[in-house]
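Input: a single structure, listed below in C-alpha cells.
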Amino acid sequence: MLAEPLLERYRDLLARGAEAFPITLGEGGTPLIHARRLGAELGLERLYLKFEGTNPTGSFKDRGMVLAVNRAVTAGARAVICASTGNTSASAAAYAAAAGLPCHVLLPAGKVARGKLAQALVAGARLVIIDGNFDTALDAVRRLGEEGSAAVVNSINPDRIAGQETAAFEIVDALGEAPESVALPVGNAGNITAHWQGFSRYARAGRASRRPRMLGFQAAGAAPIVRGAPVEAPETVATAIRIGNPASWRLAEAARDESGGLIEAVEDEEILAAQRDIVRLEGIFCEPASAASVAGVRRLARAGRIHRSESVVCVLTGHGLKDPDAVQAEEGTLNPIPARLDAIRDAIGAW
Ligand code: F0G
C-alpha cells in the first residue's frame, strides 16, 4: 500500500480548500530516535534525534519544497529558481524534475558540498555558479523573481516555511507532547521559524498543550544573529549554514524570544566533534551543519543550562553522505595490504 503523502497527512493544517498535491516523492515521516548512548555522554536522559536525512533528497528541505512546487505548478509557473548553499538546490531540482519544470539554481563558487552539486546536476537543474556567497546569490534571485515567470523556491516563499512546519507536527505526534526544548542549526533562519510556527499551530489546534524552547545554533564564523550585525564574509566548515545575512532574521529572533529560547554560536571544531560522536554513538551520519544542534546542546548541558531530565530534540537537518569531504579529510589514507589470511589476521589484531 502506498504511504499517505506528507501534505495529505497534515492537509487540515496546510491545504487551501480542496487543492490537490499531485507531486510527492515520499517526503517526511522521518525517524525520531531516543539517543541513549549520546545522551549518556552529554548527561541527558531524554535526548532525541530527528533525522531529516531520510527525506527523498536527504534533507529537511523536501518538506517545504513539495508544497512550494505543487503551488508553483498550480499558479502556472514556467520554471523554478533558487539560491542555495546546496540542499535547497538538490531539493528544488528533484521536485522540479517530478513536476516537469526547468530549475535554475544560483550557487556560491567552491563552497557547495559535492553530493549536493551532483544531486542538482543529475536531476537536470541549470547551475549558475557565482563569484560571491549565498547572500549575494539570494539577492539576485529576489530580483529575478520579481522580473520573470519563475517561482522563487527559497524560504522567502511562505509555502516553504509552511511545509517545513510538518517536522514540528511529527515531533509532537511521536512523543505525544511537545518536548521541552528543540535545537536546530540556523543558517538562513527559515527552519527555526518554521518549527516555531509549527509548534504554535499545533498548540492552537489543541494537539499539544505546550510549546518548546527554541535553541538555535550558528557557526561561529557565520553568526550574524548572535553578533547582531550581518557578517560580510561568512566562513565555516558547515557550508550549509555559511550565511551572513539571513532572510528570516527577525522571525528567528521572534521564535527565540517568544519561546524563551536562545540563539548562540558553536565553533567548527565542536561541530565536527559532534558530527563524529553522533555517528559513533548512535550510527546516524549527518552533515556538519546538522551537528551544530548537538554541539550547542552539549555546550548548554556542560554549563548546567539544560537539566538532565529535560526532553530535548536535536534536529539533524541533512545526510552525511552529501558532504563526504568534510569527514574524509580527517580519516587520512587507507593503505592496502596483501590479500592473504595471515596478513589480514595481523591487520585485524586482537578482537
Ligand atoms: N542544515 C542544513 C543541512 C541546511 O542545508 C540548512 C540550510 C540549514 C541547516 C539551515 O536552515 O537556512 O532554514 O536556517 N540550507 C539552505 C540551502 C540555506 O540553501 O540549502 P535555515
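The values are calculated or read from the model by the stated rules, or taken from the named source; none is laboratory data. Fair warning: this is a prediction, and the values are worked out from it, not measured in the lab. A quick note on method: Cβ atoms are made from the backbone with ideal geometry, for glycine too, and the neighbour counts reach across all protein chains shown. Note: accessible area is taken over every heavy atom of the protein model, side chains too, but ligands, DNA and RNA are not part of it. Shrake-Rupley method; radii C 1.70, N 1.55, O 1.52, S 1.80 Å.
Select from the stretch 226-261 the residues that are out of contact with any strand residue (DSSP E or B) (no Cβ under 6 Å at 6 or more places or on another chain), within 15 Å of the ligand (Cβ to nearest atom) and within 13 Å of T193 (Cα to Cα) and list them in ascending order.
Matches in the stretch 226-261: P246, A247, S248, W249, R250, L251, A252, E253, A254.
Go over the candidates R207, R201 one by one and state the one that is surrounded by fewer than 22 Cβ atoms within 10 Å (Cβ to Cβ), in contact (Cβ under 8 Å) with a residue 12 or more places away in the chain and part of a helix (DSSP H, G or I).
R201
Conditions tested, residue by residue: (1) in a strand (DSSP E or B); (2) under 26 Å from L138 (Cβ atoms); (3) in contact (Cβ under 8 Å) with a residue 60 or more places away in the chain; (4) open to solvent by 20 Å² or more (accessible area, probe 1.4 Å).
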position	(1), (2), (3), (4)
E27	no, yes, no, no
I33	yes, no, yes, yes
G39	no, no, no, no
L47	yes, no, yes, no
G53	no, yes, yes, no
T57	no, yes, yes, no
M65	no, yes, yes, no
A72	no, yes, yes, no
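How do the pairs read when you match residues in the stretch 277-292 that are modelled with pLDDT under 95 with residues anywhere that are within 15 Å of the ligand (Cβ to nearest atom), using Cβ under 6 Å and keeping only pairs 6 or more apart or on different chains?
none
Sort through P179, P224 and tell me the only one that's farther than 20 Å from E310 by Cα, open to solvent by less than 10 Å² (accessible area, probe 1.4 Å) and modelled with pLDDT of 95 or more.
Among P179, P224, only P224 is farther than 20 Å from E310 by Cα, open to solvent by less than 10 Å² (accessible area, probe 1.4 Å) and modelled with pLDDT of 95 or more.
Among the listed residues G148, G76, identify the single one that is modelled with pLDDT under 95, open to solvent by 40 Å² or more (accessible area, probe 1.4 Å) and more than 21 Å from A189 (Cα to Cα).
Going through G148, G76 in turn, the sole match is G148.
Go through the stretch 274-297 and give me each residue that's assigned to a helix (DSSP H, G or I) and either open to solvent by 30 Å² or more (accessible area, probe 1.4 Å) or in contact with a His (Cβ under 8 Å, 6 or more places away or on another chain) (or both).
Those that are assigned to a helix (DSSP H, G or I) and either open to solvent by 30 Å² or more (accessible area, probe 1.4 Å) or in contact with a His (Cβ under 8 Å, 6 or more places away or on another chain) (or both): R276, D277, V279, R280, L281, E282.
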